[in-house]
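Colleague: One structure is given below, represented as structure tokens, and several questions about it will come after.
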Amino acid sequence: MLKPGDKAPDFTLLDQNGEPFTLSESLQQRKAWHLIYFYPKADTPGCTKQACGLNEVLGAIGDAVVLGVSPDTPKKQGKFAEKYGLGFQLLSDPDHTTAEAFDVWKEKSMYGRTYMGIERAAFLVDADGTIAEAWYKISPADTSKNLLAALAG
């Protein structure tokens, strides 16, 4: 598991518009905090609550960058972003390489069925690419609260 002080794994993924996004380039250009959060599936109740909660605090986090990552296609991410008016990038990780690098691709079970999927998590990365906070198994409601508290502290 990644922890504060670790270097954030670099990655390049397509966003909801089909445009490539590279973490190291964004950190270098924006010189700002980046919240990278992983969620299981676009437009499901928990993921919607999480995304909308983060969208509501965008005005309170200054120049911090919010990035949502799931295995969904860019097209599905785009529909999700448009439906809820999300003001941040959603990134497509269909082969879960980035999820594996952040140690959030886990064995899960539901109704007696075992499968691999995203464990909801969030990482606050400083402008140098170092993880300042790592929240594994975070609840949808706590993602925005933890972000605000970390940036205020």
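Colleague: For 113, 30, what's the fewest-to-most ordering of other Cβ within 10 Å of each Cβ? Write down the numbers at each step before the final one.
Modeller: On the way: 113 7, 30 13.
Sorted ascending by nearby Cβ count, the order is 113, 30.
Colleague: Please sort 15-24, 143-152, 115-124 by packing, taking for each peptide the average over its residues of neighbouring beta carbons within 10 angstrom, highest first.
Modeller: 115-124, 143-152, 15-24
Colleague: Once the piece of chain linking residue 31 and residue 141 is laid out straight, how much longer is it, given 0.36 nm per residue of separation minus the C-alpha distance between them?
Modeller: Here the segment from residue 31 to residue 141 would lengthen by 36.9 nm.
Colleague: Going 7 Å from the Cα of residue 95 in the Cα-to-Cβ direction, what parts of the range 1-24 have a backbone nitrogen less than 15 Å from that spot?
Modeller: 11-14
Colleague: Next question. What base-10 log of the normalised intensity I(q)/I(0) is obtained for the range 12-152 from the Debye formula, alpha carbons as equal point scatterers, at q = 0.09, 0.11, 0.13, 0.15 Å⁻¹?
Modeller: The computed values of log10 I(q)/I(0) come out as -0.24, -0.36, -0.51, -0.69.
Colleague: Given points 7 Å out from each Cα along the Cα-Cβ axis, report the residue 108 to residue 43 separation in nanometres with one decimal.
Modeller: Placing both labels 7 Å beyond Cα along the Cβ direction yields 1.8 nm.
Colleague: Additional query: Provide, for the chain, the number of lysine pairs with alpha carbons under 16 Å apart, each pair being eight or more places apart or on different chains.
Modeller: 18
Colleague: From the C-alpha coordinates alone, can you work out the Kirkwood hydrodynamic radius of the range 75-125, in Å?
Modeller: Computed over the range 75-125, the radius equals 12.9 Å.
Colleague: Over the Cα atoms of the range 51-95, how large are the radius of gyration and the largest Cα-Cα distance (Dmax), in Å?
Modeller: 10.8, 33
Colleague: Expected output is a single nm value to one decimal: the length gained when fully extending between residue 56 and residue 75, i.e. 0.36 nm times separation in residues minus the C-alpha distance. What is it?
Modeller: Result for the pair: 4.5 nm of gain on full extension.
Here, each number is a calculation from the coordinates, and none is a lab measurement. This structure is a prediction, so every number in the text was calculated from the model and none was measured. A quick note on method: Cβ atoms are made from the backbone with ideal geometry, for glycine too, and the neighbour counts reach across all protein chains shown.
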